[in-house]
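The values are calculated or read from the model by the stated rules, or taken from the named source; none is laboratory data. Keep in mind the model is a prediction, meaning the values are calculated, not measured. Glycine also receives a Cβ, built like all others from the backbone with ideal geometry; neighbour counts cover every protein chain displayed. With ligands, DNA and RNA removed, areas are computed over all heavy atoms of the protein, side chains included. Shrake-Rupley method; radii C 1.70, N 1.55, O 1.52, S 1.80 Å.
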Amino acid sequence: MMAIEDGEWIMRGIPENDPRCIRSAAALIEYVDSVGFLPLFKNTLPDFSVEERTAPEYWWTGDARDPWSWREEIARSRKLVYGKLFEHKAGFISLRWLPYFVNARRDGYDFDARWDDGLASFRQKKIMDLFETHDSLFSFEIKDLAGFGKGGEKNFEGTLSSLGMMTYLVMSDFRRRLNKAGEPYGWSIAVYSKPEALWGYKLVSSAYREDPEISRARIADVLTRRYPDAEDKQILKMIRA
């Protein structure tokens, strides 16, 4: 996570001239494809984030070298999975590793089966039901349509985040709202979709045939080989939903 010193956010990046520095969205896609998965911000595992592989001075600048802007471009490209995927915080997963995360995080359950077995909350179901008739929705549309508005259901952010952690929903785009004249205004807002709507059910569910524990072990093996001194609890934080 970002460090706060003297009331200011401090990014733990590297110099732009460092050979390890990632300088573009295309380079980040290539890097994530090579390592399999990567959180956006610094966490308890060293050098395991976009933050620690980029030049800190470009964050939130709107520059072509701004990693905060890359996440929008990458989500839109569908070349990587982007969402609340690690400790309820943002990160990327390669399409090659998506099926294993899906199997590990869902325990092999499609959402309807999870609900039928009493493993999903009513709030989660109200959100997921929307995606039976919508391929994608703004976060504010989900909140309103699922009844989380004023006087309605509580804990919208937590419920939406939990569905991301279980890989039932990912961020597929970022767009600005439109005013009555059809003109965009304000900040870009996250658009959510089911991964099945983006990459097809066949790919997303392709690891269902193996025990979820095996999928979890695959992910753990990547991390333990890269971080042999990491504690079990650090590894588990990256794996569990």
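Over 18 Å from the mean Cα position of the chain (by Cα), at negative phi and aliphatic (A, V, I, L, M), is that true of I214? When the stated conditions are applied, I214 passes them. Residues of the stretch 192-241 that are among the basic types (K, R), open to solvent by 60 Å² or more (accessible area, probe 1.4 Å) and not in a loop (DSSP other than H, G, I, E, B): K202, R218, R225, R226, K233, K237. Looking only at residues in the stretch 66-118 that are over 18 Å from F138 (Cα atoms) and among the acidic types (D, E), the one that is least open to solvent (accessible area, probe 1.4 Å) is D66.
Tell me yes or no: at least one residue of the stretch 157-172 is open to solvent by 40 Å² or more (accessible area, probe 1.4 Å), more than 16 Å from S94 (Cα to Cα), modelled with pLDDT under 95 and of a type in the set (D, E, K, R). No: the stretch 157-172 contains no residue that is open to solvent by 40 Å² or more (accessible area, probe 1.4 Å), more than 16 Å from S94 (Cα to Cα), modelled with pLDDT under 95 and of a type in the set (D, E, K, R).
Could you tell me whether S121 is among the polar types (S, T, N, Q), under 30 Å from D63 (Cα atoms) and either open to solvent by less than 60 Å² (accessible area, probe 1.4 Å) or more than 19 Å from the chain's Cα centre (by Cα) (or both)?
Details: among the polar types (S, T, N, Q): yes; under 30 Å from D63 (Cα atoms): no; either open to solvent by less than 60 Å² (accessible area, probe 1.4 Å) or more than 19 Å from the chain's Cα centre (by Cα) (or both): yes.
It is false that S121 is among the polar types (S, T, N, Q), under 30 Å from D63 (Cα atoms) and either open to solvent by less than 60 Å² (accessible area, probe 1.4 Å) or more than 19 Å from the chain's Cα centre (by Cα) (or both).
Starting from the stretch 52-78, keep only residues that are under 18 Å from D173 (Cβ atoms), then list their pairs with residues that are open to solvent by 40 Å² or more (accessible area, probe 1.4 Å) and modelled with pLDDT under 95 whose Cβ atoms are within a distance under 8 Å, requiring at least 6 positions of separation or different chains. What qualifies is D66/W60; W68/W60; S69/G62; S69/D63; E72/S188. Just one of the listed residues (G108, G118) is at pLDDT below 95, farther than 30 Å from R23 by Cβ, among the small types (G, A, S) and assigned to a loop (DSSP other than H, G, I, E, B), and it is G108.
The stretch 1-102 holds strands (runs of 3 or more DSSP E) entirely within its bounds, and those carrying 3 or more residues that are modelled with pLDDT of 95 or more map to 37-39, 80-86, 89-94. Note on the stretch 27-46: residues that are open to solvent by less than 70 Å² (accessible area, probe 1.4 Å) and over 18 Å from the mean Cα position of the chain (by Cα) total 1.
Say whether the condition of being within 14 Å of the chain's Cα centre (by Cα) and of a type in the set (S, T, Y) is met by at least one residue in the stretch 225-236. No: zero hits. When restricted to residues that are part of a loop (DSSP other than H, G, I, E, B), of a type outside the set (G, A, S), touching a helix residue (DSSP H, G or I) at 6+ places or on another chain (Cβ under 7 Å) and more than 21 Å from F86 (Cβ to Cβ), the stretch 139-173 contains 2.
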